[in-house]
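Only the coordinates and a few stated rules stand behind these numbers; no lab work does. Note that the coordinates shown come from a computational prediction; the quantities given were computed from them, not determined experimentally. All Cβ positions, glycine included, derive from the backbone under ideal geometry; neighbour counts span all protein chains shown.
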Amino acid sequence: MNIASETDKAIREIVIVGGGTAGWMTAAALSRMLPQGKRLRLVESDQISTIGVGEATIPSIRAFNQLLNLDEDEFIRETQATFKLGIEFVNWGNQGDSYIHGFGQIGRDQVVAKFYQYWLKMYQAGKAPDLEAFSINTVAPRHAKFMRPPKDMPNSPLSDISYAFHFDAGLYARYLRGIAERQGVLRTEGRIVEVGTHPENGHIASLRMENGEQIEGDLFIDCSGLSALLIEKTLHTGFEDWSHWLPADSAIAVPCVPAGALLPYTRSSAHQAGWQWRIPLQHRTGNGHVFCSKFMSADEAQAILLNNLDGEALAEPRLIRFTTGKRKRAWNKNCVAIGLAGGFMEPLESTSIHMIQTAIMRLLSLFPDRAFSQVDIDTYNAQNDEEYQRIRDFLIMHYKLNQHQDADFWRYCREMEVPAEVQHRIDLYRSHGRIFRLGEELFADASWLQVMHGQGLRAQSYHPLVDQRSEEDIDYFLTQVQKTIQKCVDVMPTHAEFIAATCAAEKVQLERTMNKPRYGT
């Protein structure tokens, strides 16, 4: 690496280490957004597999795809994608419980108070149905319905539809690789055998490949996954371990033959010492069992997973070990860690790909020159830490609010001491159902509400200003919202019908769903 001169400090050579979803998302975005004159090279080895658990996303992925100017129907076909309206949580409160954490808004907020406060008053009086009845993103999934929000109906609940995707992460990476290479990204295949550092400042200077090639760079981006080749093995940045709050440390993943209706949501089902994900794609169903090895063996976890598949397994189950937490600094010297190299948050709320996306955009907003201003680096790290912590707190709440009485793992989670901010949110909601979003945190009030209520936390009262309206008026208001949403859902196509008509990878693959009952979970 050349020392920056006073006259030329511009970053010229950018080296991305690792492919997969993180590497190719980074390469595609930087090659589109950075000005000419910057050389981007991505180094990856076909001999090193990627984890590939990031198949479920949240609505922000649509903004990233739009940034790349992707055609959404083409993207869906190329990645065997389906649509996602939310996540169903099964057995997370008590055994037999089920609720959907849906995207989008709930009801219609009023000037004096938010919609859910009016619902709370009537629900506490036993005069209103459950929360799910008041959002199109929770009613439609129960009937396996989906459509994109129409642009010409701004006052309809249909315009409130908020969606993300399930997709094959390997196909998404391949799709983005094609885009990135067309935009000038150079791919180098091979194994890295040595990372050289600059003797004067400790910055990464070069990579030595197995074939002897030397690759130099100004800025290095570590997308090497859990191995964290640059940020940890080379720069020894350090790791902040959060496993005392999020004790699951293992996952077993396996795809299976799809069966039943094509559902527009991810499913998370709690088991004895963890939970199982189910992600429906056009060509297969992705499955995994996240568990804590202190409370369950890998053999037990695998047996539970295989006994709860929709259809025949399509591959051998794969064991993944991890520690939940983050690097102490995501940006250290001239290296930025993106994706699993920067930290691991279990995929309970499908945040992995979102965090890749925000890391890329944060890097663009604070893009350096070769002087590598420390205040810029510190700002990046502070924003990164805040994002990780807020997502961490949201995940912790899922575990803390469980009501299982017969499993040691769940008892530990329920009784553990949680960060003060998590406890404050729980106490605040329990008092008068109040929820306040902190800064620019990812999850909105509606998300916290759906999870807290869905897992059995009950507000003891409601916002006092709600009493300005009579019960009769509130009842009519709620009833009209509920009826309008149901009428909209009634006219929506099924998820399978919508994909078959617009963006099926192969229409024959959807025949299984077209011949199944349209409704039900």
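Can you order the peptides 29-35, 243-249 by their average number of other Cβ atoms within 10 Å per residue, highest first? Could you put the intermediate results ahead of the total?
Values: 29-35: 16.4, 243-249: 18.9.
Descending mean neighbour count gives 243-249, 29-35.
Rg then Dmax, both in Å and based on the Cα atoms of the range 335-384: 11.9, 39. Panel values: the range 172-213, Kirkwood radius from alpha carbon pairs, Stokes-Einstein at 20 °C and 1.002 mPa s, translational diffusion coefficient 173 µm²/s.
Treating each Cα of the range 404-479 as one equal point scatterer and applying the Debye formula with no solvent, the log10 of I(q)/I(0) at q = 0.26 Å⁻¹ comes out as -1.30.
Give, as ranges by residue number, the residues of the range 393-426 whose backbone N falls under 18 Å from the point 7 Å along Cα→Cβ of E300. Residues 404-414 fall inside that zone.
Report the rotationally averaged projected area of the range 269-376 based on its alpha-carbon convex hull, in square nanometres. Before the final figure, lay out the partial values.
Numbers: hull surface 36.6 nm².
Taking the Cα atoms of the range 269-376, their convex hull projects to 9.1 nm² on average.
Here r is the Cβ-Cβ distance between S206 and I320 and R0 is 41 Å; the resulting FRET efficiency, rounded to 0.05, is 0.85.
The alpha carbon convex hull volume per residue for the chain rounds to 162 Å³. Using just its DSSP H runs of length 4 or more, each adding -39500 (n - 2.57), the chain gives a mean residue ellipticity at 222 nm of -10500 deg cm²/dmol after division by all residues. By the count of neighbouring beta-carbon atoms within 10 Å, fewest first, V375, V193 end up ordered V375, V193.
Compared with the dominant principal axis of the Cα atoms in the chain, helix 420-432 is inclined by about 20°.
Of R267, R437, how do they rank once you tally other Cβ atoms within 10 Å and put the fewest first?
Values: R267 21, R437 14.
Placing the least packed residue first, the sequence is R437, R267.
Residues of the range 457-490 falling in the label zone of R430, defined by backbone nitrogen less than 15 Å from a point 7 Å along Cα to beta-carbon, are 457-461.
Listed by chain and number, the lysines placed with their C-alpha closer than 25 angstrom to that of K326 are K233, K294, K400; residues fewer than eight positions away on the same chain are left out. Which percent of Cα-Cα pairs in the range 1-155 sits in each 5 Å bin, short to long? So the P(r) values, bin by bin, are 2, 6, 10, 13, 14, 12, 10, 9, 8, 6, 5, 3, 1, 1, 0.
Here K333 is the anchor, and the aspartates and glutamates within straight C-alpha reach of less than 14 Å, apart from those fewer than 8 places off in the same chain, are E200, D218, D222, E232, D369, D376, D378.
Judged by the mean number of other Cβ atoms found within 10 Å, the most tightly packed of the peptides 140-150, 424-434 leads the ranking 140-150, 424-434. In summary, the lysines within cross-link reach of K483, defined as a Cα separation below 30 angstrom excluding same-chain residues under 8 places away, comprise K84, K114, K121, K127, K145, K151, K516. Counting neighbouring Cβ atoms within 10 Å and putting the fewest first, the residues E74, E441 line up as E74, E441. Relative to the longest principal axis of the Cα atoms of the chain, the long axis of helix 20-33 lies at roughly 80 degrees. The peptide list 356-363, 131-138, 235-242, put in order of mean Cβ contacts within 10 Å with the highest first, becomes 131-138, 356-363, 235-242.
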